[in-house]
Each structure stands twice: as C-alpha cells, then as structure tokens.
Ligand code: ADP
Ligand code: ZN
Ligand code: ZN
C-alpha cells in the first residue's frame, strides 16, 4: 500500500500526463509519488482522484518535471501495471480517432478498455455503497463517519487514525483513506477479474525418487485413507517414468471428486509436506483441440487471386478483393494469415457483428487453434480482459473480432483483413466514438506499416471507387469455388399475382410453389424479411386509428408471442387494445408482415416442415445464434426465416432456395445509400443459395419488377450497379465525391430544437463557406424517447483542402451554440461519415 501524503523537499518532482476515460478534450497532469518514480512508464494505468472526490483509471501518456501552471497537481493514488497495457501506436490511434470522428481521446479510451481494466467511482459504488459521492441524506461529516467506520471499524475516530498515520490534517486522512479504500476496492476488482486458476496437487520433491517413496508406503501402511490418495495419484501421474509429469501435478478436483477418497486425508498429506498445492492459470476459453487440419489446396483461380494479392501488397497498402459469394475468399484469407503469422507479425481479422462469426470462427479455430483470440461483444468482460492481456503477452498473435477489436493493444501488426467491408455494422452509431472500424483499421495498419485486405462480394461504392482510381489494389474472383454456379434470380410479381388471384396473403403462388418443390427434394430454404415482430402496424378498419409510441414518433409493432405492441426505438410496450380507443370499433387489424407472422404462415402452408425464426427476439441469449445455426446445419430445420441476420456469410450445403419477401421497401427507403444497401442485401442473401454442385434459386417478391436495380440484381451485374450509383453520387455530391458530417440536435421542446438547428446552420453557412449545408430538417423519425430531433447535413467536397480545420471549426461553432442561454440543454451530436 502506498503512502500518499509524503514530504517532498529536496528531490526532483515528477509529473505524469494522463489520458482519462472522460469526454473532456485534454490530458490531465498528476504528481508522481516518490515510490512510483522508478517504475512509472507510459502506457501503464493509474488510479487518480478526479473532480469532486471521485477516482478514475487513466493511462499515462508522458512523464516530465513540469508542474502545471493553472492548478495544483494532485497525486497519482496507485499505479496498476508493471508493464504498459496500452501501446504507443494505440495512443496515437486514439487521438486520430478522436479528431477524425469529432469526439475526445478519453471517449475512445473508455470504449477501448474493458471494464475489468478500469476502476471508477461508479464501479466502486457497485462494490461498496460507502463510496457513493452523489447527493446522499448524510451530511458531510456523517458521510465521513460512515466511510471511517467502514474502513477502520466502529471504535476509531479519524483523529486517531491521523495520529496513527502521522498526518496532521484530519481532512487529508479522509482523502488518504478514501484513496486507500479505492485501493482495497481495486484489490476486490482485481480478484473479480483475476485469471481463472486451477488448484493442483503434486508430490514434494523429497518423494519423487524410489527409495523415499517406498519408505512412505511403509509409513502409510497403518493409514489406509492417505495411502489410497497416494495410490490414486501414482496411478494417474507417472512420477517414476516421467518426473516432469509430477511437476505438472494433478487437478485437486480430480481427487476430491473421487467418492473413494477423503478430502481430509488430502489435507493431511499436504500438511505433512508429502503433497504440495499450487495454482495454475487456466483460460476462460474452451481449449479446443486442434485437429491438425490438412492445408486445403487452393484452386487455380484462388491461387491466382492469392498471387495477385501478394503482388498488390508490394505496391499498395490497401487492396480490395472483389470475389463473388462462394468464391472461396475465406480460404485465401487463411493462407494470407498463415503467411503473416509465419513472418512473425500480428494479424487482425475483422468481421461484422453478426451470426456469421459462429461459422467462420469455427473454421479458423480448426486451423489456428489456441494462438487465435476471439473478441466479441457477446463475451463477458472477464473474457475480454483475457483477450486484451493475451494480445499484450503474445499468447494471441491472431485476433478474429468485431468492430471494437481495432481498439486492442497491437504493437506489431502485419496484416488486417476486413471481411464484408461494405457492412454497415462496422460503423458505431451510439455512443461516441462513432467510428467506422474499416476506416480505423486502415489508419491503424498505416501506423504499423501493415497491409490491409478488404474483402466483399458487393464492395461499398467508396472502396470500389478507390480501387478504380488506383488508390487501392484490386483483385477479382468472379467464379464460385468448384462447380458451383451463381444462383438464378427470379422476380415474383406481386401485382400480377394479385390480379390473377394467386396471391395468398403476401405470399406469391410462385414462392409457395418453389418452397414446396425444395422441401420435396429434402433441401433447405431461407426466407428473408427485414422486419421483426408480427406486424409492423395495427390499424382500425373503421376510423383508421394507428397505435403510436408515447415517446417516439413511430407506430408500434405488434408482437404476437408477447401479446403486446412494442416500440422498436425505445422499448415502450403496451397491450393490444380490445377495441379502437378512438371509435370503439372492434375491427382492429394487423398490417404487413414481420418475421413472426411469416413464421406462423409458413407453418400453416407447410405443416410437415420445421420452421425456425432468426431475429433479434430469438437470439438474445449468448448462444442464441449458435443453436439456431447448428440445428439448420444438421438439417433439423427445413426453413429458416429471419431478418438481416440470415443474409450474411452463412455457408450451408443444402440451401437451394432463398426467398426475399419484400424487396420494395428496401429499395425505396429515403436515403442516398438505399439502392446500394438493397443491392448488397439481396445479393448477399442470394449468395446463401446453391453453394455446392446444384444451382440455387432466388425468388424476389416485388410490386415493381421493372425497377432498374432489380434488373441489375437479376444479372449479378455489380459493375452496372456501380456505374449507375457513382454517376448519381457525383451529381448529388455524395461520397466518394464528398465527405459527410451529420449534425443531430436533440431537445425535449420542439421549438427550441428547431431554433437551435436554425441558429447552428446559419453560423455554419457564415463560417464554413467551402462546404455544402443541407437543412436543418426533420429526420424521418422526428422524435425518439421524448426528444425532438433536427438534422443538418454537411457535405465537404473531396477537394476541400483542410478537413481537419473544417471539423475543428464545427466543434467550436457547436460549443458556442450550447453556451447560449436558450440552447444550453440542447444536445448536439456530430457524426463523421454517417451510415
Ligand atoms: P466466400 O467467403 O467467398 O463466400 P467461402 O470461402 O465460404 O466463400 O467458400 C465457399 C465454399 O467453398 C466453402 O464451403 C468452402 O469450404 C469451399 N471452398 C472454398 N475454397 C476451397 C478449396 N480450395 N478447397 C475446398 N473447398 C473450398
Ligand atoms: Zn377506430
Ligand atoms: Zn418509442
């Protein structure tokens, strides 16, 4: 434990700069206690007092002898690490993210560090109520007393403790005790996140040779219980044949779980120094055995692509692999990863945050075994701490992970693969930092002098444009692996079927027929519909009344299994009324199809088939995805119906039909990326069909079969789609021809919100002459959680000389807005490259 209030006189005084996980755009200077002067290094974590009697964990970014001018530096309370846990490159990256995505480096640090690696007043309060510094019914002194009682027991007062510690001012005692309390609590936290250990038992060295062991049996002849333990141990651990096996010992649990052995005789043997106990650290992750998977030889086309990628790496930092679905991109990645690891560098493989991780992680585990770390948002915090530490210690040279794995402490990255680079789940929406993991990965790779491979069957327009411009290398794989062909896409005309009266509900006769045929042939079906719940809307047939959320400007979605109307934006829930509250009619009907209703109707149409739904509601548990995917893989499920989750990356042998229930809503969504998204989504989900020898079929239900986008999808014409999109983007100054910054203003009062937005837009127009400014306008959903919303869209022309300058001007304009009295409680959110 550390003496915090020491004398400082003759010797040099050191100060440390700390990055704290707070939304304040600056570093903080603290005094380094003498005990830490030798051991302090940048990248270590430290606990420091912050604000009014709070403590936080920060990271040391610099050490110097310059006392701060404006304030009296406080002491560092505790140094948490012997070695740095945040690398220099990481700190540079955090600062880059902060300036590019208009947030603070502290917010980035906060997002990066798993909670197990940071102690704060909040986490301490959870452990110990005495640490609550919020307003409490206690007066200050009562609170002190409470603290002291907890710390020192009932009998002592703090003057006594002051004497004990040799400190004069009792207030300092309190502070120092608070600090010590922090440290005690930190010990508890450390305990909580302590690596998992296994208690082992082994013979002490005195008994590891034949003679002493024989003598020991003599001694134990009259003690059959102890003898039994010894015998069992020797049965399981071959001490004589292999002395090393004694060193590794035996899990104590194996002995205690044995009903024939008594625990107390184990204890006695330990007490008499015949056995000794020790702990070994074990992983929280299952130690899957690596079947020495034979290297899968690449096909000639894959080999060519592999060579082209390596060649591109010699001239480009970034390379785009445009490979159609099922072309075998993953096998190429595996080869590249293996090579990079053999070269001694770290590798990061980024995946979108979705179901597909289950299948791919499984495939990679077989090849890379325990050197591979997996970083996933569904992991517990302790598991995330283990991955973080594993990257630091070199245990994990290779990490497969979702968005946030770009924030891990790599220090020697050689290769980054961004799979499905077009996927919008790479962009963090809320809270700050609102970063795009693909773009951060590219900056990170640049800092490490590493290579980046972006992969997709449907590259984003932005990335493809860069490749066309020669900024990124481009490698193309336009055939599926083996004999597999791209699926046949067929449009099912909803309008026509309605006129011909072959429509059943919203199912076209064509889709129903195809499903039936597919099931007859013992093959599987995937149906995609991008709406969860039963019906997206309920409406009164007599007066047109529609139930709306009380907090948001949206209609409520009916969920049958919960018998409730639910808001998908704020979670608000109410019962479906028996009659219309507006006209008392009982004729309330559900409108439209969510995945629940699809599931129900599929069950009615195909009573012999097993139908499984995969959406947010069925995958909330940690293993939700896995269970559903495993059952489908084993063929126990015949039809899988779901939201976006069924569209990405899945690889099944027996899926020969994919149905897209409603293409129109996707295409007509009011956003400049809606065509791109629809193209990607429909192509990706189609890509799940017929991935082996048999050609698959995709049925797209639409009321607009002549739509040019659908025509492009029919022909699998990515290039055609790209050309059309690019022309459109150029004409309307959208990316890649500009960079967007979206400003969202929030206020409980609609009028204030609008005024604030108008004021800000006005000052942007005055101060930023080189950009286009759209708005302010109301977003499609104009109220969420009782906050009214207004948007301003800034388009910065690609050629604008100083993006960073524009961003910092924006920040200061926003700041001066919220300093005006009437707009003080307006929240302003800046989002760079919004998706
Ligand atoms: P993509 O990621 O491009 O959609 P995958 O890598 O999933 O494609 O490959 C599609 C299917 O082809 C997978 O089932 C995969 O196991 C198989 N495959 C790909 N390359 C090979 C190869 N060289 N040898 C054997 N099977 C392969
Ligand atoms: Zn009504
Ligand atoms: Zn709501």
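Points to keep in mind about this one:
- The conditions of being without any contact (Cβ under 8 Å) to a residue 40 or more places away in the chain and over 17 Å from residue 295 (Cβ atoms) are met by residue 373.
- Residue check, residue 597 away from ligand 1 (no atom under 16 Å from the Cβ), assigned to a strand (DSSP E or B) and under 19 Å from residue 531 (Cα atoms): no
- When region 95-112 is filtered for residues that are buried (at least 22 other Cβ atoms within 10 Å of the Cβ) and not in a helix (DSSP H, G or I), the ones remaining, listed by number, are 101, 103, 104.
- Entry remark, region 60-94: residues being under 22 Å from the mean Cα position of the chain (by Cα) and either at pLDDT below 95 or surrounded by 16 or more Cβ atoms within 10 Å (Cβ to Cβ) (or both) number 8 in total.
- Per the listing 715, 751, the residue uniquely loosely packed, with under 15 Cβ neighbours inside 10 Å, modelled with pLDDT of 95 or more and more than 31 Å from the chain's Cα centre (by Cα) is 751.
- Flag for residue 430 being surrounded by 20 or more Cβ atoms within 10 Å (Cβ to Cβ), within 22 Å of the chain's Cα centre (by Cα) and assigned to a loop (DSSP other than H, G, I, E, B): no
- Inside region 543-553, residues that are away from ligand 2 (no atom under 14 Å from the Cβ), surrounded by fewer than 20 Cβ atoms within 10 Å (Cβ to Cβ) and in contact (Cβ under 8 Å) with a residue 40 or more places away in the chain make up a count of 2.
- Residue selection: residue 554 satisfies the criterion of being under 30 Å from residue 508 (Cβ atoms), within 16 Å of ligand 3 (Cβ to nearest atom) and not assigned by TED's automatic domain parsing to the domain that holds residue 614.
- All of (1) under 30 Å from residue 459 (Cα atoms); (2) not assigned by TED's automatic domain parsing to the domain that holds residue 527 hold for residue 581 with one exception: (1).
- Subset of region 34-63 (residues that are within 23 Å of residue 389 (Cα to Cα) and in a strand (DSSP E or B)): 45, 46, 47, 48, 56, 57, 58, 59, 60, 61, 62
- Within region 611-629, the set of residues being in contact with a strand residue (DSSP E or B) (Cβ under 6 Å, 6 or more places away or on another chain) and part of a loop (DSSP other than H, G, I, E, B) comprises just one member, 615.
- Qualifying residue in region 537-548 (condition: under 26 Å from residue 706 (Cβ atoms) and out of contact with any helix residue (DSSP H, G or I) (no Cβ under 6 Å at 6 or more places or on another chain)): no
- Out of 432, 467, 437, one residue alone is touching a strand residue (DSSP E or B) at 6+ places or on another chain (Cβ under 9 Å) and under 20 Å from residue 310 (Cα atoms). It is 467.
- For region 561-580, a residue qualifies if it is within 16 Å of ligand 2 (Cβ to nearest atom) and surrounded by 13 or more Cβ atoms within 10 Å (Cβ to Cβ), and the qualifying residues are 565, 576, 577, 580.
- Qualifying residue in region 415-427 (condition: more than 17 Å from the chain's Cα centre (by Cα) and modelled with pLDDT under 95): no
Residue-by-condition table, conditions (1) within 18 Å of the chain's Cα centre (by Cα); (2) surrounded by fewer than 22 Cβ atoms within 10 Å (Cβ to Cβ); (3) away from ligand 2 (no atom under 16 Å from the Cβ); (4) within 23 Å of residue 435 (Cα to Cα):
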{"site": "359", "(1), (2), (3), (4)": "yes, yes, yes, no"}
{"site": "367", "(1), (2), (3), (4)": "no, yes, yes, no"}
{"site": "377", "(1), (2), (3), (4)": "yes, yes, yes, yes"}
{"site": "381", "(1), (2), (3), (4)": "yes, yes, yes, yes"}
{"site": "391", "(1), (2), (3), (4)": "yes, no, yes, yes"}
{"site": "394", "(1), (2), (3), (4)": "no, yes, yes, no"}
{"site": "397", "(1), (2), (3), (4)": "no, yes, yes, no"}
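- For residue 630, the criteria (1) buried (at least 18 other Cβ atoms within 10 Å of the Cβ); (2) more than 16 Å from ligand 2 (Cβ to nearest atom) hold in every case but one, which is (1).
- Checked against (1) crowded, with 19+ Cβ neighbours inside 10 Å; (2) under 27 Å from residue 748 (Cα atoms); (3) more than 16 Å from ligand 2 (Cβ to nearest atom), residue 556 passes all but condition (3).
- Remark: pairs (first residue in region 578-589, closer than 8 Å to residue 545 by Cβ; second residue not in a loop (DSSP other than H, G, I, E, B); Cβ separation under 7 Å; 6+ apart in sequence or on different chains) = 580/540; 580/588; 582/540; 583/540.
- Test for residue 681: is it within 16 Å of ligand 1 (Cβ to nearest atom), touching a residue at least 40 places away in the same chain (Cβ under 8 Å) and either farther than 29 Å from residue 657 by Cα or not assigned by TED's automatic domain parsing to the domain that holds residue 795 (or both): yes
- Hits in region 582-594 - residues which are more than 29 Å from residue 530 (Cα to Cα) and near ligand 2 (Cβ under 8 Å from one of its atoms): 582, 583, 584, 585
- From 527, 515, residue being closer than 26 Å to residue 656 by Cα, more than 16 Å from ligand 1 (Cβ to nearest atom), in a strand (DSSP E or B) and in the same structural domain as residue 655 (by TED's automatic domain parsing): 527
- For region 493-507, the condition holds for no residue, the condition being that it is outside any helix (DSSP H, G or I) and in contact with a strand residue (DSSP E or B) (Cβ under 6 Å, 6 or more places away or on another chain).
- Qualifying positions in region 322-346 - near ligand 1 (Cβ under 9 Å from one of its atoms) and farther than 21 Å from residue 487 by Cβ: 332, 333, 334
Yes/no matrix, rows are residues, columns are (1) more than 20 Å from residue 514 (Cβ to Cβ); (2) within 16 Å of ligand 3 (Cβ to nearest atom); (3) in contact with a helix residue (DSSP H, G or I) (Cβ under 8 Å, 6 or more places away or on another chain):
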| position | (1), (2), (3) |
| --- | --- |
| 570 | yes, yes, no |
| 578 | yes, no, no |
| 603 | no, no, no |
| 606 | no, no, yes |
| 610 | no, no, no |
| 620 | yes, no, no |
| 625 | yes, no, yes |
| 631 | yes, no, no |
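- Any hit, region 530-537, residues being within 16 Å of ligand 3 (Cβ to nearest atom), free of Cβ contacts under 8 Å to residues at least 24 places away in the same chain and assigned to a strand (DSSP E or B): no
- Filter result for residue 687 (crowded, with 17+ Cβ neighbours inside 10 Å, out of contact with any strand residue (DSSP E or B) (no Cβ under 8 Å at 6 or more places or on another chain) and more than 20 Å from residue 531 (Cα to Cα)): yes
The values are calculated or read from the model by the stated rules, or taken from the named source; none is laboratory data. Every value quoted in this text rests on a predicted model; they were computed, and no experiment measured them. Ideal geometry is used to build each Cβ from the backbone, glycine not excepted, and the neighbour counts take in all protein chains shown.
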